[in-house]
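Asker: First the structure, which I've put down as structure tokens, then a few questions once you've had a look.
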Amino acid sequence: MASVTYRNVVKKFGDMTAVDNVNFHVEDKEFLVLVGPSGCGKTTALRLLAGLEEVTGGEILIGDRVVNDVAPKDRDIAMVFQSYALYPHLSVYENMAFGLKLRKTPKDEINRRVSQAAEVLGITDLLQRKPRQLSGGQRQRVAVGRAIVREPKVFLFDEPLSNLDAKLRVQMRTEISKLHQRLQTTFIYVTHDQVEAMTMATRIAVINKGKLQQIDTPQNLYDRPANLFVAGFIGSPAMNFFPGRLRKENGRVFMDAGDFAIPLPAEQAKTYEPYAGRDVVFGIRPENIHDAHFTPPNIHGETINMKVDVTELMGNEIFLYLVSGKNSCVARVDPRSKSKIGEQIQVVFDMDNFHVFDAQTEQALR
């Protein structure tokens, strides 16, 4: 088992910088997820660790060993790709054993490892089948099994669930989480799906345009995003943003969004008072905007009039798409809400849960 460290890692393709001075440390046995939009550099960062791309600058360590110049086969890692990449003419057993045979592993040891991995993944009865006889989920299990039999120090996953349907993705991410708990090995997992990241990770590293934006536990990323990008990327539906200005009036601090102004709670106002007069972006998550008729007790609520533009009934909740002048937002409200399209309603902002970002730097103001 081993930790992984990125020290000032840079990767350039000509004039384009794919990974820009990235620094982070992955603890031994940790499950770290690299998440970000397509083209942000997360897969490139993984390929640098695997040795499939050469580092332009900086160092990558596995344990205490710098691996920049170490051949991929000698790094003691195993990688699961988005494509299953199974040999169609070989059985499941032969696909899983192929890498071990190339390494001249004894036959008894191959049998032990393949049988053990197949049992862990629930594919023991599929060992004699060919890939064409398997479903998408079964093929993905075989691809994972091929990595498990290597017994590597670090497992790398590059969007392994992208080719599966929604239901199967939920099932497979649960199985991969269980697999991590069982194997107690370092997992580094790349995805653009923030739901996958939130549900599987010990910690999440958010990347955008090659730069590491924030690395933290899923809950801390959700509750305390470091900047506007992280706040908008983590969470579904995304956080609502209202551009405006902080102003101080009669001893109180207000967030002035133009179409409405919201007083900040007294205990929070002291934090933001030094920023009075500054252009900011006010952020609040959909679950913290309530139908006035179904407001939770004991919150610092501020009432705002907004027009219902669209409604989406989800069964256990309703999404209301609301408009106030030039501002719009999404609210997750109680399913008992009777709000109708075109209706002017009162909604309550939970002012115990809001965020303020500097409009220029896009960093959180705290």
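Values quoted throughout were computed directly from the atomic coordinates according to the rules given, and no laboratory measurement underlies them. No experiment lies behind these values; they were computed from the predicted model shown. Here the Cβ is made from the backbone with ideal geometry for all residues, glycine too, and neighbour counts use every protein chain on show.
Asker: Mind counting lysine pairs for me in region 240-358? Cα separation below 27 Å, and the two need to be 8 or more apart along the chain or on different chains.
Answerer: Lysine pair count for region 240-358: 7.
Asker: Right, another one. Listed here are the pairs Lys73/Lys101; Lys73/Lys211; Lys29/Lys211; Lys101/Lys130; Lys178/Lys211; which of them are more than 22 Å apart at the Cα?
Answerer: Lys73/Lys211; Lys29/Lys211; Lys178/Lys211
Asker: Can you give the extra length, in nm with one decimal, that the chain gains between Val66 and Asn298 once fully stretched, where that is 0.36 nm per residue apart less the Cα-Cα distance?
Answerer: 78.1 nm
Asker: Something else now. Quick check on region 208-315: take the gyration tensor over C-alpha atoms, sort the square-rooted eigenvalues as a ≥ b ≥ c, and tell me if it's rounded (a/c under 1.5), prolate or oblate.
Answerer: Oblate, because a/c is 1.5 or more while a/b does not exceed b/c.
Asker: Do you know the relative contact order of the chain, to the nearest whole percent, from alpha carbon pairs under 8 angstrom that are 6+ apart?
Answerer: 15
Asker: Turning to a different aspect of this structure: Tell me what the chain gives for mean residue ellipticity at 222 nm when only DSSP H runs of n ≥ 4 count, each as -39,500 (n - 2.57), the sum divided by the residue total, rounded to 500 deg cm²/dmol.
Answerer: That comes out to -7500 deg cm²/dmol.
Asker: For region 87-100, just list the computed ³J(HN,Hα) in residue order, Karplus coefficients 6.51, -1.76 and 1.60, θ = phi - 60°, integers in Hz, with x standing in for Gly and Pro.
Answerer: Result, ordered by residue: 6, x, 8, 9, 6, 4, 4, 5, 4, 5, 8, 4, x, 5 Hz.
Asker: Once both labels are modelled 7 Å past Cα along the beta-carbon direction, what's the Ala266-Lys101 spacing in nm?
Answerer: If labels sit at Ala266 and Lys101, their model points lie 7.7 nm apart.
Asker: Let me ask another. Could you tell me how many degrees, from 0 to 90 and to the nearest 10, lie between the Cα long axis of helix 107-121 and the main elongation axis, the longest principal axis, of the Cα atoms of the chain?
Answerer: Taking the Cα atoms of the chain, the angle to 107-121 is about 30 degrees.
Asker: Between Gln116 and Asp309, what is 0.36 nm times their sequence separation minus the Cα-Cα distance? Round to one decimal in nm.
Answerer: Gain on extension, Gln116 to Asp309, equals 63.9 nm.
Asker: Another question, if that's okay. Determine the gain in length on full extension of the stretch Lys29-Gln360; use 0.36 nm per residue of separation and subtract their C-alpha separation, reporting nm with one decimal.
Answerer: Residue separation times 0.36 nm, minus the Cα-Cα distance, leaves 115.3 nm.
Asker: List, in order, the whole-Hz ³J(HN,Hα) value for each residue of region 198-211 obtained from phi through the Karplus relation with A = 6.51, B = -1.76, C = 1.60 and θ = phi - 60°; use x for Gly and Pro.
Answerer: Along region 198-211, the couplings run 5, 8, 10, 7, 6, 9, 10, 10, 8, 10, 8, 6, x, 9 Hz.
Asker: How far is it, in nm, from the label point at Asn250 to the one at Glu54 when both lie 7 Å from their Cα along the line to the Cβ?
Answerer: 6.9
Asker: Suppose each label sits 7 Å from its Cα in the direction of the beta carbon; what would the Asn220-Lys326 distance come out to in nanometres?
Answerer: Between Asn220 and Lys326, the simple spin-label model gives 3.7 nm.
Asker: Which percentage, to the nearest 5, of the DSSP beta bridges contained in the chain is antiparallel?
Answerer: Antiparallel bridges: around 80 percent, rounded to the nearest 5.
Asker: State, as an integer percentage, the relative contact order of region 240-358 based on alpha-carbon contacts under 8 Å between residues 6 or more apart.
Answerer: The normalised contact order for region 240-358 reaches 30 percent.
Asker: Next question, about the same structure. With angles folded into 0 to 90 degrees, how steeply does helix 136-148 sit against the dominant principal axis of the chain? Use alpha carbons for both and round to 10.
Answerer: Between helix and principal axis, roughly 60 degrees.
Asker: How large is ³J(HN,Hα), in whole Hz, for each residue of region 170-179 in order, when computed from phi with the Karplus curve 6.51 cos²θ - 1.76 cosθ + 1.60 and θ = phi - 60°, using x for Gly and Pro?
Answerer: 4, 5, 5, 5, 5, 5, 5, 4, 5, 4
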